[in-house]
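The values are calculated or read from the model by the stated rules, or taken from the named source; none is laboratory data. The structure displayed is predicted, hence computed values, not measured ones. Positions of Cβ are backbone-derived with ideal geometry, glycine not excepted, and every protein chain shown enters the neighbour counts.
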Amino acid sequence: MKQVKSVYSAPPMHWVGDGFPVRSVFDYHHLGEALSPFLLLDYAAPTPFAPAARPRGVGAHPHRGFETVTLVFDGEVAHHDSTGQGGVIGPGDVQWMTAASGILHQEYHSDTFTAQGGLLHMVQLWVNLPAAHKMAPPGYQAITADCFPIVPLPAGAGTARVIAGSFCAAQGPAHTFSPLQVLDLHLPAGSQTQIDVQDGWTTLLVVLQGSMEINSSAHANAAQLVLFEPVGDQIAAAARSDTHALLLSGQPLGEPIAGHGPFVMNSRAEIMQAIDDFNHG
Ligand code: MN
């Protein structure tokens, strides 16, 4: 059994632009290589927005050296980038964006969502790239809701939607640059389950909604992170109430992390280069 190392509470909500009220459930500035290959997770709990005349969101900004993974549960997010590409991420969809050598993009509520209003509920996860791929060409995987296998957990303990990696013979559609697993878990109140995970991998459980007990030794509520010890190949979860959680597991990259704002590289010199490249277009 993987032992629970720590349970962390997210800091209070902050706004990203004027469209995304998020709590940073984890962040490499605080937890560093213990999260590797994951860097950061911002969670926007369900928030009502009134109809508006102008889309809310965040204007043009760069990224380099990692991937941003946007999971929308409710509402719609539109994106546009410097190469002219764009699209809408709707409920159940995932956008897996490889910023790699660099991308400049905008993230806004979609025109439809802006006009109609409604609940916005989403996650943005940052996944680090191995040094060998940090300067690869940028790319997108726009993965629609119907592409994800949904695996029923034994004894009616809920479901695991497989975003990336494999789980119980199901394969998630997202292509990744290092071995990792992203599972979107729905566990009904009172259910108990054991989940196989890789020995030696970083393993993080992010409770989005609800409340759960882990390994009968720890409990976690909404907007809390459970960080496990790398050793061990199973975790046990029991839902105290209807629970929505993400299980993130991955092989640690074992490379230095140097980050500044929207850039995550391996050295300070590479960060200075990224800032310089951005300033020179
Ligand atoms: Mn962005």
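Among the residues of the range 188-210, which ones are in a loop (DSSP other than H, G, I, E, B), under 21 Å from the mean Cα position of the chain (by Cα) and farther than 15 Å from residue 10 by Cα? Even if it seems obvious, please write down each step before you answer.
To start, the set of residues in the range 188-210 that are in a loop (DSSP other than H, G, I, E, B) comprises 188-191, 197-201, 210.
Keeping just the survivors that are under 21 Å from the mean Cα position of the chain (by Cα) gives 197-198, 200-201, 210.
Selection gives 197, 198, 200, 201.
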TODO: Test residue 49 against the criterion of being crowded, with 22+ Cβ neighbours inside 10 Å and farther than 26 Å from residue 264 by Cβ, and give yes or no.
DONE: no
Open item on the list: Whether any residue in the range 128-144 is outside any strand (DSSP E or B), among the polar types (S, T, N, Q) and without any contact (Cβ under 8 Å) to a residue 60 or more places away in the chain is what I want to check.
Closed with: yes
Task: Tally of residues being without any contact (Cβ under 8 Å) to a residue 12 or more places away in the chain and closer than 30 Å to residue 4 by Cα across the range 262-276 - done: 0
TODO: Examine the range 23-43 for a residue that is loosely packed, with under 15 Cβ neighbours inside 10 Å and in contact (Cβ under 8 Å) with a residue 40 or more places away in the chain, and state whether such a residue exists.
DONE: yes
- [ ] With respect to residue 86, determine if the residue is surrounded by fewer than 22 Cβ atoms within 10 Å (Cβ to Cβ) and closer than 14 Å to residue 129 by Cβ.
- [x] no
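Any residue that is more than 16 Å from the ligand (Cβ to nearest atom), among the acidic types (Asp, Glu) and touching a Gly at 6+ places or on another chain (Cβ under 9 Å) - is there at least one of those in the range 265-272?
Within the range 265-272, the subset more than 16 Å from the ligand (Cβ to nearest atom) is 265-272.
Now restrict to residues that are among the acidic types (Asp, Glu): 270.
So of that shortlist, the ones also touching a Gly at 6+ places or on another chain (Cβ under 9 Å) come out as 270.
Yes, that holds for at least one residue.
Within 14 Å of residue 262 (Cα to Cα) and at pLDDT 95 or above: which single residue out of 58, 88, 77, 94 fits that description? Can you show your working first?
Values: 88 fails: within 14 Å of residue 262 (Cα to Cα); 77 fails: within 14 Å of residue 262 (Cα to Cα); 94 fails: within 14 Å of residue 262 (Cα to Cα).
Checking each option against the conditions leaves just 58.
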Task: Scope the range 141-187; condition farther than 19 Å from residue 91 by Cβ and among the aromatic types (Phe, Trp, Tyr); matching residues - done: 167, 177
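Which one is surrounded by the most Cβ atoms within 10 Å (Cβ to Cβ), of the residues in the range 59-77 that are more than 12 Å from the ligand (Cβ to nearest atom) and either on the phi > 0 side of the Ramachandran plot or more than 17 Å from the chain's Cα centre (by Cα) (or both)?
Our first condition is that a residue be more than 12 Å from the ligand (Cβ to nearest atom); within the range 59-77, this holds for 65, 71-76.
From what is left, the residues that are either on the phi > 0 side of the Ramachandran plot or more than 17 Å from the chain's Cα centre (by Cα) (or both) are 65, 75.
On the way: 65: 27, 75: 25.
The selected residue is 65.
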Task: Hits in the range 241-264 - residues which are closer than 25 Å to residue 107 by Cβ and either within 16 Å of the ligand (Cβ to nearest atom) or among the hydroxyl-bearing types (Ser, Thr, Tyr) (or both) - done: 259, 260, 261, 262, 263, 264
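May I ask you to say which residue of 150, 163 is under 30 Å from residue 48 (Cβ atoms), surrounded by 21 or more Cβ atoms within 10 Å (Cβ to Cβ) and away from the ligand (no atom under 15 Å from the Cβ)?
Numbers: 150 fails: surrounded by 21 or more Cβ atoms within 10 Å (Cβ to Cβ).
Just one listed residue meets the conditions, 163.
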Task: Count of the range 97-135 residues which are hydrophobic (A, V, I, L, M, F, W, C), closer than 18 Å to residue 62 by Cβ and either touching a strand residue (DSSP E or B) at 6+ places or on another chain (Cβ under 7 Å) or within 16 Å of the ligand (Cβ to nearest atom) (or both) - done: 8
TODO: Kindly indicate whether any position in the range 127-142 is among the hydrophobic types (A, V, I, L, M, F, W, C), surrounded by 20 or more Cβ atoms within 10 Å (Cβ to Cβ), under 18 Å from residue 244 (Cβ atoms) and at pLDDT 95 or above.
DONE: no
- [ ] Could you grab me the full set of residues in the range 9-22 that are surrounded by fewer than 19 Cβ atoms within 10 Å (Cβ to Cβ) and part of a strand (DSSP E or B)?
- [x] 9, 14, 15, 16, 21
Open item on the list: Which count do you get for residues in the range 166-186 that are crowded, with 19+ Cβ neighbours inside 10 Å and either touching a Lys or Arg at 6+ places or on another chain (Cβ under 6 Å) or not aromatic (Phe, Trp, Tyr) (or both)?
Closed with: 10
Task: residue 216 vs. criteria among the polar types (S, T, N, Q), modelled with pLDDT of 95 or more and exposed (fewer than 15 other Cβ atoms within 10 Å of the Cβ) - done: no
